[in-house]
Amino acid sequence: MTLHLPARRVALLLAALLAVLTPGLLAATASAAATPEPPAERWAVSPADEEGPDGRRAVEHTLDPGESVTDRIAVRNVGQEPVTFELTAADGFYTRTGRFDTLAPGEESVAAGTWISIPGSVTVEAGETEVVEFTVTVPERTEPGDHAAGITASVTSVQAAEDGTNVGVVSRIGVRVLTRVTGEVTPAAALEGVVTRYDLSWNPARPGDATVTFEVHNEGNTRLFAEGTVDVGGREVTFPAADQPRQELLPGDTREITVEVDDVWPLVRVPVTVTLVPEVATMDGTSSTLEPVVAESAVWAVPWPQLLVLLGLALLVGAVVQGRRRSRRRLESLLEQAREEGRRAATGAPSDSA
């Protein structure tokens, strides 16, 4: 049957689930035909040693072609009933928004997901944690560089679709498994497609805002973090912002990044400079940056409000000057008339009004 939960309880369940998940968790996936509901089970998956979770964010190894390594994950059941979780290894990738995921159930892995051997399932009692061993074996003649996969623990629940039928929905949580295969490491990055939109402020005393969108390509064979600056008309902004996650790219990835730059004055044609300073991801936690990659562009920013103000001021000044000229001509005419009348009075000649 369909389980109906109050909104407050749903929110509490979601908050509790997020509290126990590690940063390397994978998104839950569901059939588009179903209305997603929180599964009755709650669980977490994390890298582990023989005792349990060991604090790692992901499983990372550097291996030679043909080499194997054994590692572990911990599956924790934080629900109130025993649960049998299906364990699956699959190729990993980052979405266009920078979120790590693995191939959906039913999609065939062809890369690092096939390197992992793990039991097909594990049963975990309520409130308990089970440690599961798995093996990563790099095939011979594998290309050097970074290769991504993931291990997920999933459960399948039955939910009601919009048409009233029951649909099986797979909910899964997992960890990243990243393998660097030894050999020639050649990190490289490129910038393309810089597009800038300028949003004018119709208050002539305030500057406008610019939105800069560009693509970062990982052209090497290592993982990269996309970091750098965007300068628009002298206003420089760092990306990613302090409150945003780091943008990690696997070899061959392309990521679209958008940066907002505030307080940009409309100076007709405003220069735009994007500076990418890629950081090479390493297995030992150290950092290494590449030479900056720079892309330059420009955006039209016609200062219409300021031009309208100048036009208004020009019209006002013109009206004042024209008024003064008319007043001066009238005054000069009156003075000339007075002088003429004075001359006539002095000679006794009749005036024009007589």
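The values are calculated or read from the model by the stated rules, or taken from the named source; none is laboratory data. Treat the numbers as computed from the prediction; the structure is a model and nothing was measured. In this analysis, Cβ positions are derived from the backbone assuming ideal geometry, glycine residues included, and neighbour counts consider all displayed protein chains. Side chains are part of the model used for accessible areas, which takes the heavy atoms of the whole protein and leaves out ligands, DNA and RNA. Shrake-Rupley method; radii C 1.70, N 1.55, O 1.52, S 1.80 Å.
A few points about this structure:
- For segment 269-288, the set of residues classified as in contact with a Pro (Cβ under 7 Å, 6 or more places away or on another chain), open to solvent by 30 Å² or more (accessible area, probe 1.4 Å) and in a strand (DSSP E or B) consists of T275 only.
- Of all residues in segment 289-306, those being in a loop (DSSP other than H, G, I, E, B), open to solvent by 60 Å² or more (accessible area, probe 1.4 Å) and touching a residue at least 60 places away in the same chain (Cβ under 8 Å) number 1.
- When restricted to residues that are of a type in the set (F, W, Y) and over 30 Å from the mean Cα position of the chain (by Cα), segment 74-120 contains 2.
- Note on segment 271-311: residues that are modelled with pLDDT of 85 or more and more than 20 Å from A189 (Cα to Cα) total 9.
- Condition met for A44 (open to solvent by less than 40 Å² (accessible area, probe 1.4 Å) and more than 26 Å from V158 (Cα to Cα)): no
- Hits in segment 246-267 - residues which are of a type in the set (A, V, I, L, M, F, W, C) and open to solvent by less than 30 Å² (accessible area, probe 1.4 Å): L249, L250, I257, V259, V261, V264
- Those residues of segment 203-226 which are open to solvent by 50 Å² or more (accessible area, probe 1.4 Å) and either in a strand (DSSP E or B) or out of contact with any strand residue (DSSP E or B) (no Cβ under 6 Å at 6 or more places or on another chain) (or both), in sequence order: N203, P204, A205, R206, D209, E215
- For segment 307-318, filtering for residues that are open to solvent by 80 Å² or more (accessible area, probe 1.4 Å) and either in contact (Cβ under 8 Å) with a residue 24 or more places away in the chain or of a type in the set (V, I, T) (or both) leaves 2.
- Residues satisfying the stated conditions in segment 68-82, i.e. open to solvent by less than 50 Å² (accessible area, probe 1.4 Å) and farther than 17 Å from V181 by Cβ: R72, I73, A74, V75, N77, V78, G79
- Positions within segment 83-106 being open to solvent by less than 60 Å² (accessible area, probe 1.4 Å) and among the acidic types (D, E), in sequence order: D91, D101
- Selection from segment 47-67 of residues that are open to solvent by less than 70 Å² (accessible area, probe 1.4 Å), within 22 Å of T222 (Cβ to Cβ) and not in a loop (DSSP other than H, G, I, E, B): P47, V59, E60, H61, L63
- Within segment 134-170, if we keep just the residues that are at pLDDT below 95 and hydroxyl-bearing (S, T, Y), the residue that is surrounded by the most Cβ atoms within 10 Å (Cβ to Cβ) turns out to be S157.
- Considering segment 179-192, the residues that are part of a strand (DSSP E or B) and open to solvent by less than 50 Å² (accessible area, probe 1.4 Å) include one that is nearest to V261 (Cα to Cα), namely L191.
- Counted residues, segment 99-138 - those being of a type in the set (G, A, S) and under 19 Å from P53 (Cβ atoms): 2
- Within segment 236-268, being touching a residue at least 60 places away in the same chain (Cβ under 8 Å) and assigned to a strand (DSSP E or B) holds for Q247, E248, L249, R255, E256, V264.
Rundown of residues vs (1) part of a loop (DSSP other than H, G, I, E, B); (2) of a type in the set (A, V, I, L, M, F, W, C); (3) open to solvent by less than 20 Å² (accessible area, probe 1.4 Å); (4) over 21 Å from R42 (Cβ atoms), yes/no style:
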{"position": "E108", "(1), (2), (3), (4)": "yes, no, no, yes"}
{"position": "G113", "(1), (2), (3), (4)": "no, no, yes, yes"}
{"position": "V132", "(1), (2), (3), (4)": "no, yes, yes, no"}
{"position": "R172", "(1), (2), (3), (4)": "no, no, yes, no"}
